[in-house]
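S.K.: Input: one structure, supplied below.
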Amino acid sequence: MLNTIETDVTGQIGSDVKVFENKNGKSFAKVNVAANKYYKVDGEVKKITQWATLVFNHPMVEVVKDKLRKGEAIQVRGTPKPIAWIDDEGVAQAALEINVDKFNLLSPKAKKVEDYVEPVKA
């Protein structure tokens with residue numbers, strides 16, 4: 001049995017789709033997604049936005065480059081891949097990529113994830 005870690009993310013697309021080609025000639029696409037988390041502190045509702053890069057491999061590339069647009073709500077399931085590097089100033093940086101296995105556009109009419117996810121009420 002193969003053991004893997006999977007994650008589900010519901011968020012808003014934060015960039016236009018960018019298509020790349022790997023050294024084997026296979027295409028893949030990347031797009032950023034923002035996911036909001038709501039919580040209360042002393043009765044005040046706070047919001048944290050977390051960003052991840054979604055990676056779509058063939059055959060999903062053709063679909064996502066035509067269908068995904070900045071600002072749309074999306075739900076994905078995939079394998080998380082943490083990325084770490086040292087920037088030009090010597091500061092450690094980190095990001096999260098998610099290799100997408102499945103995705104759903106939540107609704108062409110919805111402009112915000114909050115249309116689907118009920119935030120914490122004050």
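S.K.: Tell me the relative contact order for the chain as a rounded percent, counting alpha carbon contacts under 8 Å between residues six or more apart.
M.R.: Value for the chain: 28 percent.
S.K.: Going through the cross-link list 26/65; 47/67; 67/102; 30/81; 30/65; 30/70, which pairs have a Cα-Cα distance over 18 Å in this structure?
M.R.: Table pairs above 18 Å Cα-Cα are 47/67.
S.K.: Starting from 0.36 nm per residue, how many nanometres of slack lie between residue 38 and residue 95 once their C-alpha separation is accounted for?
M.R.: Difference between extended and current length: 18.4 nm.
S.K.: Please give me the summed charge of the neighbours of residue 78: other residues whose Cβ is under 13 Å from its Cβ, Lys and Arg +1, Asp and Glu -1.
M.R.: Numbers: positive: 30, 77, 81, 102; negative: 6, 8, 97, 101.
Net of charged neighbours comes to 0.
S.K.: So for the stretch 1-77, what are the equivalent ellipsoid semi-axes in whole Å, largest first, each being the square root of 5 times an eigenvalue of the Cα gyration tensor?
M.R.: Semi-axes (√(5λ), whole Å): 29, 17, 9.
S.K.: In addition: For residue 88 and residue 8 in one chain, what is 0.36 nm times their gap in residues minus the Cα-Cα distance, to one decimal in nm?
M.R.: Residue separation times 0.36 nm, minus the Cα-Cα distance, leaves 25.6 nm.
Only the coordinates and a few stated rules stand behind these numbers; no lab work does. Bear in mind the structure is a predicted one, so any value in this text is a computation, not a measurement. Virtual Cβ from ideal backbone geometry, glycine too; neighbours counted across all protein chains shown.
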